[in-house]
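Heads up: the structure comes next, in structure tokens.
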């Protein structure tokens, strides 16, 4: 549960767009924004999942189905959202995929798919939102990246590289649009209890192994001794999107229990 009181964030009544909204961190972000009084456009390629999330949250959340890999579809989506719900004040790019494997075993298709969603998809969403926010001279954009963007991870080369690209893209955009009062920030989660995380596990003890770390993979464990819940990441996203972070831009906030030692 967040300790922030409803209405104290300046989010109530604002329109937020969230990609990757059907499950995991994206669904948690939708819920937190709705709890703060935002009107939310929940976007995902998974029509069943995003419709379910919208139904669970009630009339504040409207589902939209779009593939962020298709720039024309993203442009149509954002136009549709603004035509039907109004100007978008907050944009949160969460949509992502993970194809685990060593660099040498990564196929061309897996590399291309990873970058199409994690990097190009983020680029297209942020670009279209920034184009609309600039003449209005307001807005907050948050990208959910990964702590793997800043620390090498064995078996995650494509994922880490794509998240590093999304992180720097967001920070560069933040520099370009700061004069228009638009803030751009990044939340970088570590291991989080989501379907993406669990797809890497092979037995019931793998969660404990992540917390402990792996000397063989040169991977530090989690000093706080727990794997994050999606709500932990959502709280960080909402903070950066809120008026409480009005003087914060171009920052990457690591939410990983200390796992990267902020290297």
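Miscellaneous remarks
- Exactly one residue among 219, 198 is out of contact with any strand residue (DSSP E or B) (no Cβ under 7 Å at 6 or more places or on another chain) and over 19 Å from residue 258 (Cα atoms), and that residue is 198.
- Note on the stretch 187-263: enclosed helices (runs of 4 or more DSSP H) holding 2 or more residues that are more than 22 Å from the chain's Cα centre (by Cα) and closer than 27 Å to residue 101 by Cα are 206-212.
- Among the residues of the stretch 57-92, those identified as surrounded by fewer than 23 Cβ atoms within 10 Å (Cβ to Cβ), more than 25 Å from residue 120 (Cα to Cα) and touching a helix residue (DSSP H, G or I) at 6+ places or on another chain (Cβ under 8 Å) are 57, 58, 60.
- Any chance residue 26 is part of a helix (DSSP H, G or I) and either at pLDDT 95 or above or in contact with a strand residue (DSSP E or B) (Cβ under 8 Å, 6 or more places away or on another chain) (or both): yes
- Among the residues here, residue 242 qualifies as within 20 Å of residue 18 (Cα to Cα) and either touching a helix residue (DSSP H, G or I) at 6+ places or on another chain (Cβ under 7 Å) or surrounded by 19 or more Cβ atoms within 10 Å (Cβ to Cβ) (or both).
- Flag for residue 258 being surrounded by 14 or more Cβ atoms within 10 Å (Cβ to Cβ), at pLDDT 95 or above and at positive phi: yes
- Here the condition is being in a helix (DSSP H, G or I), at pLDDT 95 or above and out of contact with any strand residue (DSSP E or B) (no Cβ under 7 Å at 6 or more places or on another chain); of 148, 160, 130, it holds for 160 alone.
- Unique match (being crowded, with 21+ Cβ neighbours inside 10 Å, under 14 Å from the mean Cα position of the chain (by Cα) and either within 29 Å of residue 210 (Cα to Cα) or at pLDDT 95 or above (or both)) among 143, 114: 143
- Test: residue in the stretch 256-263 that is within 19 Å of residue 144 (Cα to Cα) and in contact with a helix residue (DSSP H, G or I) (Cβ under 6 Å, 6 or more places away or on another chain): yes
The values are calculated or read from the model by the stated rules, or taken from the named source; none is laboratory data. Since the model is a prediction, treat every value here as computed from it, not as a measurement. Methodologically, a virtual Cβ is constructed for each residue, glycine included, from the backbone with ideal geometry; neighbour enumeration extends over all protein chains shown.
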